[in-house]
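**Student:** Quick one: the structure is below, and I'll ask about it shortly.
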Amino acid sequence: MKNGRIAGTGSYVPETIWKNEDLEKMVDTSDIWIRERTGIGARHIAGEETVAQMAVKAARRALENAGICSTELDLILVGTSSSESIFPNTACLVQDEIGAFRAACLDVSAACTGFLAVYELGQLYIRSGKAKNVLLIGADALSRLVDWHDRGTCILFGDGAGAIVLTAEEQETKACEKIHSDGEKGVSLTCEKGTYLQMDGRAVFQFALSRVPEVIREVLAEAEVPVEEIDAFILHQANSRIIDGVAKRLKAPKEKFPRNIEAYGNTCAASIPILLDEWNRSGRAQKGQRIVLSGFGAGLIWGAAYLEW
């Protein structure tokens, strides 16, 4: 059976950095308060850069890492909830910049689960035989959607983009993905046009602690792989306390949960591919490793994927 193998990774974050100490001048908060509750120490802010521009930079780095030319791409999928344009979509803007004239281009709006959503869609295209090389991107600039006078939300988010290239390959191992949604509880995290992001932090926290371990167990049961055999859990970087809580509920060592939230904050759909890129380029990614990806966020939408590197 053909599955998509991760052939290359790339990421990009803006140069401008706002540390917790910078936010102390804007709202009633402190570095200690933010770190204790979230694990965040800094975040990158896009400024005049667009979501598409960040996505292009991450895409080019992923293609270079994969050794694949843009003209070999059959499909470009972008997970984003903060594109500056309604249309053309971000994927088409990326296609134009990188010269991927053969690729079909689609955006998916699934907030912080956006990358998991495009990952599953990319795998389905490959398994169906409709695509051989797929570029997947998660890119967001939530700094433009938060009220910088609201200390409950402005401390959390940063901007950036991450990308991977999936290449069709015959595999004996069983990869699988699951996405779930609960629109009834979507009021916990909202952002309407022309307004700022609104969040019930406690509700989102409890949702993540409950649903993330559940969906991880679901994909591992389908793949017939025990939790103990997973080498790394690459989770959406929303809050260090959530990551610790998921590790505890899975009875897995915290060391298997890499994180970069201290440097980037919550980069929404970009967080998982940025972390994957760091994992890959640092040499920690080794062929045959068993990896779990998991995202969760507004919608409410959550999901997980099991793969072998």
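**Student:** Pop out the ³J(HN,Hα) list for the range 141-158 in order, Karplus 6.51 cos²θ - 1.76 cosθ + 1.60 with θ = phi - 60°, rounded to Hz; leave Gly and Pro as x.
**Tutor:** With the stated coefficients, the range 141-158 comes to 10, 6, 4, 8, 10, 9, 8, 6, 10, 9, 5, x, 10, 5, 6, 8, 10, x Hz.
**Student:** Choose one of I179, P88, A223: the residue whose Cα lies farthest towards the positive end of the charge dipole of the chain (beta-carbon charges +1 Lys, Arg; -1 Asp, Glu; about the Cα centre).
**Tutor:** A223
**Student:** Just to confirm, what accessible area per residue do you get for the chain at 1.4 Å probe, in whole Å²? Display every interim value, and only then the final one.
**Tutor:** Values: 13240 Å² over 309 residues.
Accessible area per residue: 43 Å².
**Student:** How charged is the neighbourhood of T38? Take every other residue with its Cβ under 13 Å from the Cβ of T38, and add Lys/Arg as +1 and Asp/Glu as -1. Please list the in-between numbers first.
**Tutor:** Numbers: positive: R35, R37, R43, R151, R241, R259; negative: D31, E36, D244, E262.
Local charge sum for T38: +2.
**Student:** Between the range 180-258 and the range 43-105, what is the separation of their alpha carbon centroids in Å?
**Tutor:** 26 Å
**Student:** Which ³J(HN,Hα) values, rounded to whole Hz and listed in residue order, are derived for the range 173-186 from phi using the Karplus coefficients 6.51, -1.76 and 1.60 in 6.51 cos²θ - 1.76 cosθ + 1.60 with θ = phi - 60°, glycine and proline given as x?
**Tutor:** 6, 9, 9, 7, 9, 9, 10, 10, 9, 9, x, 4, 9, x
**Student:** Give, as a single signed number, the net charge of other residues whose beta carbon lies under 14 Å from the beta carbon of E228, with Lys and Arg counted +1 and Asp and Glu -1. It would help to have the intermediate numbers written out before the result.
**Tutor:** Values: positive: R217, K251, K256, R290; negative: E224, E229, D231, E255.
Surrounding charge for E228 is 0.
**Student:** Just need the relative contact order of the range 8-152 here, percent rounded to a whole number, with Cα pairs under 8 Å and 6+ apart. Write out the running numbers ahead of the final one.
**Tutor:** Numbers: 243 pairs, mean separation 40.7, N = 145.
So the answer I get is 28 percent.
**Student:** How would you rank 298-307, 23-32, 212-221, highest first, on the average number of other Cβ atoms within 10 Å across their residues? Before the final figure, lay out the partial values.
**Tutor:** On the way: 298-307: 24.9, 23-32: 13.3, 212-221: 19.4.
Ranking, from highest mean packing down: 298-307, 212-221, 23-32.
**Student:** So for C105, C92, what's the accessible-area order with a 1.4 Å probe, most first?
**Tutor:** Numbers: C105 20, C92 50 Å².
Result of the area sort, largest leading: C92, C105.
**Student:** Ok, one more. Please report, as a whole percent, how much of the solvent-accessible surface of the chain comes from carbon and sulfur atoms (probe radius 1.4 Å).
**Tutor:** 49 percent
**Student:** With mean projected area of the Cα convex hull in nm² defined as stated, name the option among (1) 16.9; (2) 22.1; (3) 14.5 computed from the structure displayed.
**Tutor:** (3)
The values are calculated or read from the model by the stated rules, or taken from the named source; none is laboratory data. Everything numeric in this text was worked out from a predicted model, so none of it was measured. No Cβ is skipped: glycine too gets one built from the backbone with ideal geometry, and neighbour counts run over all protein chains shown. Accessible surface areas use protein heavy atoms only, side chains included; no ligands, DNA or RNA. Shrake-Rupley method; radii C 1.70, N 1.55, O 1.52, S 1.80 Å.
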